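Reading through the structure tokens given below for one structure.
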């Protein structure tokens with residue numbers, strides 16, 4: 001039993017942090033918020049070279065063959081830097097989705113391309129009812145010749161405007177099924193959905209009888225539920241890792257600030273009202289760390305409690321990160337509420353992820369069902 | 001990172017489980033029976049496991065200690081006794097005591113032949129322990145002790161006490177304190193049980209009037225008492241880390257069962273969406289405590305000391321326990337407050353914090369103690385702020401000048 005990172009894992013984290021500290025500064029985050037595509041191709045190329053884009057894929061598919069603990073380490077740093085770009089969408093949602101459910105040919109086509117940075121993927125997991133239960137899917141796929149026609153309305157598709165392929169569930173006569181669709185195909189309409197988080201982009205994706213070939217079907221028709229459950233768990237833990245990183249950044253900024261800010265002739269960090277709040281923030285951050293890396297390990301190892309651990313992680317971190325990032329604004333006082341000060345970049349990153357891949361309430365219900373399931 | 005237990009640890013756990021199945025008493029009726037059970041655990045090598053071998057321990061790894069405690073919690077085994085002796089007094093003597101003190105006291109602590117208490121807190125020295133006023137006057141070959149102690153666990157059955165007393169009131173308060181071993185069976189020591197809000201008396205008040213301590217029972221040198229109390233390294237650290245969570249988990253499962261049987265507005269409480277949310281939250285928090293315990297054990301196994309990190313752990317689980325017990329009370333309603341007469345399905349069938357058979361009412365009331373004893377939550381937050389986050393200290397008036 002060993003709940004600490006290996007030397008390689010520490011090296012990976014340090015190198016990701018060093019690269020992002022240098023290239024993903026708050027100024028970069030702000031610049032990308034004004035950029036039409038929203039992310040830097042140069043940094044994307046750098047990430048491909050460093051092996052981050054293929055990190056969880058098998059070596060024969062151009063990946064590094066690493067597990068979710070390593071992926072979580074990278075994602076934590078991305079949350080800490082509020083990295084703006086399609087990393088999570090491409091590697092976690094699209095990439096892991098194809099890895100979990102794709103045929104050998106689909107993996108061969110997409111995973112090396114994602115790993116090299118040439119292709120960007122995403123997944124459309126949400127419709128207008130905002131229910132994360134895949135059985136709520138209303139989009140349909142009907143057979144048309146050798147292929148299929150897809151119709152439906154997907155919401156909050158991350159980075160769809162720069163994606164080459166989007167994984168999406170749709171109903172077929174056989175049941176819930178998964179398809180790969182090109183978001184630039186005829187019949188697809190993307191409309192930006194602009195949120196408060198400056199470091200993320202979403203689109204509404206409307207599909208009006210979009211024709212896709214037979215090999216767009218992922219797995220067998222009617223077999224999507226298992227892949228979607230597995231993918232959603234990984235997304236929930238990955239998003240939690242990003243929230244953990246954002247929360248740690250907010251804590252670090254708060255601690256640094258209260259050591260220099262003076263009021264009433266004293267450093268405000270010497271006041272118990274401030275110090276106790278900072279201590280609670282650290283306790284929450286450390287608990288989030290435990291939840292994230294336990295769940296990442298459990299999913300990688302196929303531990304029996306992995307599904308529960310993923311729900312425990314997302315429900316805990318969603319609320320703890322909100323509290324920590326919110327408390328950071330509070331201990332900063334007025335300056336924390338200004339656009340100019342960087343704190344809101346991380347506060348909003350965490351906030352944006354809070355409802356995604358199941359909010360705390362969704363996952364608490366999953367936890368209780370785990371106890372009551374027959 | 002690998003959270004699987006090693007084959008060695010799995011085998012050890014199995015061995016402990018088998019031993020408990022064969023040796024565990026169902027009921028403990030009095031202190032003599034508890035001492036006998038304590039002795040049996042010691043002879044099997046399951047008590048004082050972390051103590052060095054030369055002093056009667058096993059030199060066991062923290063994980064082995066945690067596994068034994070965890071298996072005991074899992075089996076609902078009665079707690080041993082003399083926990084302060086084994087956990088704190090013994091290790092203090094090992095680290096700071098003289099050879100004569102080690103020979104005289106250590107073995108009898110492990111066998112519970114001599115029971116120990118800790119005489120630290122006073123009515124006006126709780127969180128601010130260094131403000132203690134109990135005085136030990138130097139008479140050459142002995143000291144004369146006068147003062148009052150409170151919150152003395154197990155004081156009523158203790159043969160000996162580890163005492164902090166002021167030997168020099170003229171120096172700043174942290175520097176005038178010394179550490180002694182005091183015989184509790186003498187005319188100058190009066191022990192009175194302190195009845196708590198639970199109705200039980202795990203703690204005592206101890207009044208010392210011209211009590212005598214031989215010079216040979218001074219630990220370390222005069223004026224070093226505060227440092228000794230601060231730096232004592234328990235050998236049983238980690239021991240309760242997993243066991244605590246296992247106890248919570250068995251309580252949680254009983255609570256789930258109660259939520260299936262009890263109804264509100266015509267439906268089982270377990271079908272109520274609001275209650276389900278609360279149950280889901282508490283299980284998540286409980287598991288996060290377990291993950292944290294695994295992190296602590298990892299550090300201990302590597303020979304690292306969590307230091308002020310222990311404050312994070314204690315703050316987290318003690319505050320959790322209050323939320324947990326409040327939810328238990330909410331689900332159980334008036335059944336949760338019964339100290340007697342509860343139907344069997346709404347009784348708590350696990351050991352309490354002090355090893356007695358418990359009720360939900362007792363567990364609920366006891367949860368209020370955890371955020372006060374061994375450094376209140378507020379003190380833990382000060383420690384975290386100062387020692388981990390490096391925040392500036394408060395301006396304190398008590399670090400200068402004498403105690404008078």
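The values are calculated or read from the model by the stated rules, or taken from the named source; none is laboratory data. Because the structure is a prediction, the values reported are computed rather than measured. Positions of Cβ are backbone-derived with ideal geometry, glycine not excepted, and every protein chain shown enters the neighbour counts.
Evaluate the following for residue B:281: is it over 17 Å from residue B:367 (Cβ atoms) and either touching a strand residue (DSSP E or B) at 6+ places or on another chain (Cβ under 7 Å) or at pLDDT 95 or above (or both)? When the stated conditions are applied, residue B:281 does not pass them. Remark: residue B:242 matches the filter, which requires a residue to be more than 30 Å from residue B:123 (Cα to Cα), in contact (Cβ under 8 Å) with a residue 60 or more places away in the chain and not in a loop (DSSP other than H, G, I, E, B). Condition check for residue A:307 on (1) within 8 Å of chain B (Cβ to nearest Cβ); (2) under 30 Å from residue A:227 (Cβ atoms); (3) part of a helix (DSSP H, G or I): one failure, at (1). Out of the residues in region A:254-271 that are facing chain B (nearest Cβ under 7 Å) and part of a helix (DSSP H, G or I), state the one that is nearest to the chain's Cα centre (by Cα). Across region A:254-271, the extreme among qualifying residues is A:255.
Counting only residues that are farther than 30 Å from residue A:294 by Cα, give me the helices (runs of 4 or more DSSP H) lying completely in region B:1-82 with at least 2 of them. Here the list reads B:7-23, B:31-43.
When every residue of region B:101-113 is checked against the conditions, at least one turns out to be surrounded by fewer than 18 Cβ atoms within 10 Å (Cβ to Cβ) and more than 25 Å from the chain's Cα centre (by Cα). Candidates A:38, A:63: the one that is on the phi > 0 side of the Ramachandran plot, away from every other protein chain (no Cβ under 14 Å), surrounded by fewer than 24 Cβ atoms within 10 Å (Cβ to Cβ) and in contact (Cβ under 8 Å) with a residue 24 or more places away in the chain is A:38. Within region A:1-24, the residues that satisfy the criterion of being in contact (Cβ under 8 Å) with a residue 24 or more places away in the chain and more than 14 Å from chain B (Cβ to nearest Cβ) are A:15, A:16, A:17, A:19, A:20, A:21, A:24.
Please enumerate the residues belonging to region B:274-312 that are farther than 28 Å from residue A:286 by Cβ and either at the interface with chain A (Cβ under 8 Å from one of its Cβ atoms) or crowded, with 18+ Cβ neighbours inside 10 Å (or both). Break it down stepwise before answering.
Let us first name the residues in region B:274-312 that are farther than 28 Å from residue A:286 by Cβ, namely B:274-275.
If the condition is that a residue be farther than 28 Å from residue A:286 by Cβ and either at the interface with chain A (Cβ under 8 Å from one of its Cβ atoms) or crowded, with 18+ Cβ neighbours inside 10 Å (or both), then B:275 is the only one that fits.
Conditions (1) exposed (fewer than 13 other Cβ atoms within 10 Å of the Cβ); (2) at pLDDT 95 or above; (3) touching a strand residue (DSSP E or B) at 6+ places or on another chain (Cβ under 7 Å), marked per residue:
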residue: B:185; (1), (2), (3): yes, yes, no
residue: B:191; (1), (2), (3): no, yes, yes
residue: B:197; (1), (2), (3): yes, no, no
residue: B:201; (1), (2), (3): no, no, yes
residue: B:208; (1), (2), (3): no, yes, yes
residue: B:212; (1), (2), (3): no, yes, yes
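Inclusion of residue A:357 among residues that are closer than 22 Å to residue B:283 by Cβ and away from chain B (no Cβ under 14 Å) is warranted.
Out of everything in region B:125-161 that is at pLDDT 95 or above and assigned to a loop (DSSP other than H, G, I, E, B), what residue ends up being nearest to the chain's Cα centre (by Cα)? The selected residue is B:158. Do we find that residue B:57 is away from chain A (no Cβ under 14 Å), in contact (Cβ under 8 Å) with a residue 24 or more places away in the chain, in contact with a helix residue (DSSP H, G or I) (Cβ under 6 Å, 6 or more places away or on another chain) and farther than 17 Å from residue B:115 by Cβ in this structure? When the stated conditions are applied, residue B:57 does not pass them.
The number of residues in region B:381-396 that are within 7 Å of chain A (Cβ to nearest Cβ), assigned to a helix (DSSP H, G or I) and surrounded by fewer than 20 Cβ atoms within 10 Å (Cβ to Cβ) comes to 1. Looking at A:332, A:344, A:289, just one residue is facing another protein chain (nearest Cβ under 9 Å) and at pLDDT 95 or above, and that residue is A:289. Is there a residue in region A:210-232 that is within 12 Å of another protein chain (Cβ to nearest Cβ), in contact (Cβ under 8 Å) with a residue 12 or more places away in the chain and surrounded by fewer than 24 Cβ atoms within 10 Å (Cβ to Cβ)? No, region A:210-232 has no match at all. Checking A:69, A:16, A:91, A:74 one by one, the residue that is under 23 Å from residue A:190 (Cβ atoms), outside the structural domain of residue A:353 (by TED's automatic domain parsing), within 20 Å of the chain's Cα centre (by Cα) and assigned to a helix (DSSP H, G or I) is A:91 and no other. Could you list all residues from region B:86-108 that are touching a strand residue (DSSP E or B) at 6+ places or on another chain (Cβ under 6 Å) and closer than 16 Å to residue B:157 by Cα? Within region B:86-108, just B:89 meets the criteria.
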